[in-house]
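Comments concern the structure below.
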Amino acid sequence: FVINFEGNINHHEKKKTYETHYVGLKNLVDSLLNQNIKKFIQIGSSDEYGSNISPLREDMREYPFSTYSFSKTASTHYLQMLHKTLGIKTTVLRVFLAYGPGQDNKRFIPQIVDGCLKNKKFPTSEGKQLRDFIYIDDLCKAVELIINSNNSKLDGEIFNIGTGKPVEIRQMIKKIVKIIGKGQPMFGEIKYRSGENMSLYPSIRKIKKILNWSPKTTLAEGLKKTISYYQSEI
């Protein structure tokens, strides 16, 4: 079994991003073609959908808008081609905003938690974007189920991994402030990213039907566990 997690999402380092997410994926797969791969699970991205209208479905055409989203989309297509031509059992998980203890402090939730724990003033956008946040334990459970499943309906397919319950970024920040009891977000100090999809959340009907998977962790539970971790690190 191979699970491909790749981490570089720096939108300014375009060459590094492309080499990490597409060239790296292709090199990894090509090096394993003679190794009798039982299953290859690719961690894709919700950004592959680009400007599509939510709720996002796996049968929608991709509209990548950045080097990162293009690289992820190219990786998806490459794996689907290998499945069709060589019969390799590939599954792509389009993960929405995963979060939880131990996440890189450059990501959204760790940054907000850090600012609140230190009772800082910190800049944010207006926060009108709708996003879907999936707790890490639920993501890991989906991966585990795919690894242990012999269902041929998983092969060569794409599955959304999220909750299907979008929340405004502004409300997410306010929830973190409320749990911690301090923090001073400065809404509107950061401009929206060029080409940013203001409403990005999935339909998860496909994976529910085929794998009988659904997230179990509520947003309140996930945030409390995440914040508790960072509090213990201070």
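The values are calculated or read from the model by the stated rules, or taken from the named source; none is laboratory data. None of these values were measured; they are calculated from a predicted model. Backbone-built Cβ (ideal geometry, glycine too); neighbour counts: all protein chains shown. In case anyone asks, the SASA skips ligands and DNA or RNA and just uses the protein heavy atoms, side chains included. Shrake-Rupley method; radii C 1.70, N 1.55, O 1.52, S 1.80 Å.
Conditions tested, residue by residue: (1) under 22 Å from Gln42 (Cβ atoms); (2) at pLDDT 95 or above; (3) assigned to a helix (DSSP H, G or I).
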site	(1), (2), (3)
Cys116	no, yes, yes
Asn119	no, yes, no
Lys128	no, yes, no
Met172	no, yes, yes
Lys178	no, yes, yes
Arg193	no, no, no
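Please pick out the residue among Gly156, Gly188, Gly162 that is in contact with an Asp or Glu (Cβ under 8 Å, 6 or more places away or on another chain) and within 30 Å of Ile37 (Cα to Cα).
Details: Gly156 fails: in contact with an Asp or Glu (Cβ under 8 Å, 6 or more places away or on another chain); Gly188 fails: within 30 Å of Ile37 (Cα to Cα).
Gly162 is the lone residue from the list that is in contact with an Asp or Glu (Cβ under 8 Å, 6 or more places away or on another chain) and within 30 Å of Ile37 (Cα to Cα).
In segment 170-192, what residues are within 20 Å of the chain's Cα centre (by Cα) and either open to solvent by 30 Å² or more (accessible area, probe 1.4 Å) or of a type in the set (Gly, Ala, Ser) (or both)?
Across segment 170-192, the qualifying residues are Arg170, Gln171, Tyr192.
Looking only at segment 206-227, count every residue that is part of a helix (DSSP H, G or I) and either touching a residue at least 12 places away in the same chain (Cβ under 8 Å) or in contact with a Gly (Cβ under 8 Å, 6 or more places away or on another chain) (or both) and tell me the total.
Selection size over segment 206-227: 13.
Could you tell me whether any residue of segment 57-80 is touching a residue at least 24 places away in the same chain (Cβ under 8 Å), acidic (Asp, Glu) and touching an Asp or Glu at 6+ places or on another chain (Cβ under 9 Å)? Before you say what the answer is, go through the steps one by one.
Initially, segment 57-80 is screened for residues touching a residue at least 24 places away in the same chain (Cβ under 8 Å), giving 57-58, 65-76, 78-80.
If we keep only those that are acidic (Asp, Glu) too, we end up with 58.
Okay, now just the ones that are also touching an Asp or Glu at 6+ places or on another chain (Cβ under 9 Å), so 58.
Checking segment 57-80: at least one residue is touching a residue at least 24 places away in the same chain (Cβ under 8 Å), acidic (Asp, Glu) and touching an Asp or Glu at 6+ places or on another chain (Cβ under 9 Å).
Of all residues in segment 14-29 being touching a helix residue (DSSP H, G or I) at 6+ places or on another chain (Cβ under 7 Å) and basic (Lys, Arg), which is farthest from Met81 (Cα to Cα)?
Lys14
Residues of segment 37-76 being closer than 22 Å to Val143 by Cβ and among the polar types (S, T, N, Q), which ones?
Hits for segment 37-76 are Gln42, Ser45, Ser46, Ser69, Ser71, Thr73, Ser75, Thr76.
For segment 35-45, indicate whether the set of residues that are open to solvent by 60 Å² or more (accessible area, probe 1.4 Å), at pLDDT 95 or above, more than 15 Å from the chain's Cα centre (by Cα) and not hydrophobic (A, V, I, L, M, F, W, C) is non-empty.
No; the residues of segment 35-45 include none that is open to solvent by 60 Å² or more (accessible area, probe 1.4 Å), at pLDDT 95 or above, more than 15 Å from the chain's Cα centre (by Cα) and not hydrophobic (A, V, I, L, M, F, W, C).
Check segment 153-161 and report whether any residue there is in contact with a Cys (Cβ under 9 Å, 6 or more places away or on another chain) and at pLDDT 95 or above.
Taking segment 153-161 and keeping what is in contact with a Cys (Cβ under 9 Å, 6 or more places away or on another chain), we get none.
Looking for residues that are in contact with a Cys (Cβ under 9 Å, 6 or more places away or on another chain) and at pLDDT 95 or above, one finds none in segment 153-161, hence no.
Looking only at segment 150-169, decide whether some residue is without any contact (Cβ under 8 Å) to a residue 24 or more places away in the chain and loosely packed, with under 15 Cβ neighbours inside 10 Å. Steps first, answer last, please.
The initial filter retains those residues of segment 150-169 that are without any contact (Cβ under 8 Å) to a residue 24 or more places away in the chain, namely 150, 152.
Filter again for loosely packed, with under 15 Cβ neighbours inside 10 Å, leaving 150, 152.
Yes; the residues of segment 150-169 include at least one that is without any contact (Cβ under 8 Å) to a residue 24 or more places away in the chain and loosely packed, with under 15 Cβ neighbours inside 10 Å.
Being surrounded by fewer than 18 Cβ atoms within 10 Å (Cβ to Cβ), under 16 Å from the mean Cα position of the chain (by Cα) and not acidic (Asp, Glu) narrows it down to one residue among Arg94, Arg61, Arg57; which is it?
Working: Arg94 fails: surrounded by fewer than 18 Cβ atoms within 10 Å (Cβ to Cβ); Arg61 fails: under 16 Å from the mean Cα position of the chain (by Cα).
Arg57 is the lone residue from the list that is surrounded by fewer than 18 Cβ atoms within 10 Å (Cβ to Cβ), under 16 Å from the mean Cα position of the chain (by Cα) and not acidic (Asp, Glu).
Would it be correct to say that Ser203 is of a type in the set (S, T, N, Q), farther than 18 Å from Gly102 by Cβ and surrounded by fewer than 16 Cβ atoms within 10 Å (Cβ to Cβ)? Show your work before the answer.
Working: of a type in the set (S, T, N, Q): yes; farther than 18 Å from Gly102 by Cβ: yes; surrounded by fewer than 16 Cβ atoms within 10 Å (Cβ to Cβ): no.
Taking the combined requirement at face value, the residue does not satisfy it.
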